[in-house]
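Peer 1: Please find one structure pasted underneath; my questions will follow.
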Amino acid sequence: MSINLILFLTLIALLLLGLVWAMGRPQKGRKLQTNPRSLEVTGQPHASHLPQILQALAATDFDFLAKEASQEVVRRVRRERRAVALAYLVALREDFHGLLRMARVIAVLSPEVAAAQEFETMQLMVRFLWRYEMIRWRLLAGNAPLPQLHVLSDLVSGLSVRIEAALKELGERAALAAELASSMNRRGLDVG
């Protein structure tokens with residue numbers, strides 16, 4: 001085998017090992033957080049700020065600034081905007097992890113969650129983490145990965161829509177169960 005192949009396989013093995021470590025295996029005795037505030041979504045989801053981030057990183061802004069300001073100002077603005085984009089990326093990751101936490105609670109409350117859905121969630125997490133790291137490294141290198149940032153934001157928005165649909169379904173089931181129990185109590189039947 002060539003040295004390049006060995007290095008490539010070693011890199012793949014390290015990445016897979018890191019991924020397994022980052023995901024962590026859920027333990028049997030692990031309990032969900034009992035604090036209901038831990039599931040609250042605070043403020044507006046960060047994905048809604050994508051247009052402002054894209055505008056801040058747009059090449060046309062920097063072209064205009066290069067014509068109107070000194071090189072020092074252009075460098076400072078580029079550095080500050082990159083820092084804002086990195087902060088946005090971190091906030092997007094926090095939104096994603098909050099949504100995953102909520103998905104776990106829904107999975108516990110919904111007995112129909114199949115292994116296939118759990119596998120789909122894991123795939124989504126791997127895709128998100130991979131894209132997140134690629135975008136972060138490109139931002140740190142000074143590039144503005146606008147299309148990739150858009151894809152990552154869409155991924156978080158899609159998960160949010162799926163969570164909302166699952167919550168609506170759980171709410172409808174709970175209302176139906178409450179109505180059924182109420183009608184049984186009115187008839188004099190003991191449910192418990």
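Results for (1) under 30 Å from L167 (Cα atoms); (2) crowded, with 16+ Cβ neighbours inside 10 Å; (3) basic (K, R), shown as yes or no for each residue.
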residue: E94; (1), (2), (3): yes, no, no
residue: A103; (1), (2), (3): yes, yes, no
residue: A144; (1), (2), (3): no, yes, no
residue: L155; (1), (2), (3): yes, yes, no
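Peer 1: With respect to R131, determine if the residue is closer than 26 Å to A166 by Cβ, modelled with pLDDT of 85 or more and among the basic types (K, R).
Peer 2: Working: closer than 26 Å to A166 by Cβ: yes; modelled with pLDDT of 85 or more: yes; among the basic types (K, R): yes.
So R131 fits the description; yes.
The values are calculated or read from the model by the stated rules, or taken from the named source; none is laboratory data. Remember, predicted model here, so these are calculated numbers, not experimental data. Quick reminder, even Gly has a Cβ in these numbers, built from the backbone with ideal geometry, and neighbours come from all protein chains shown.
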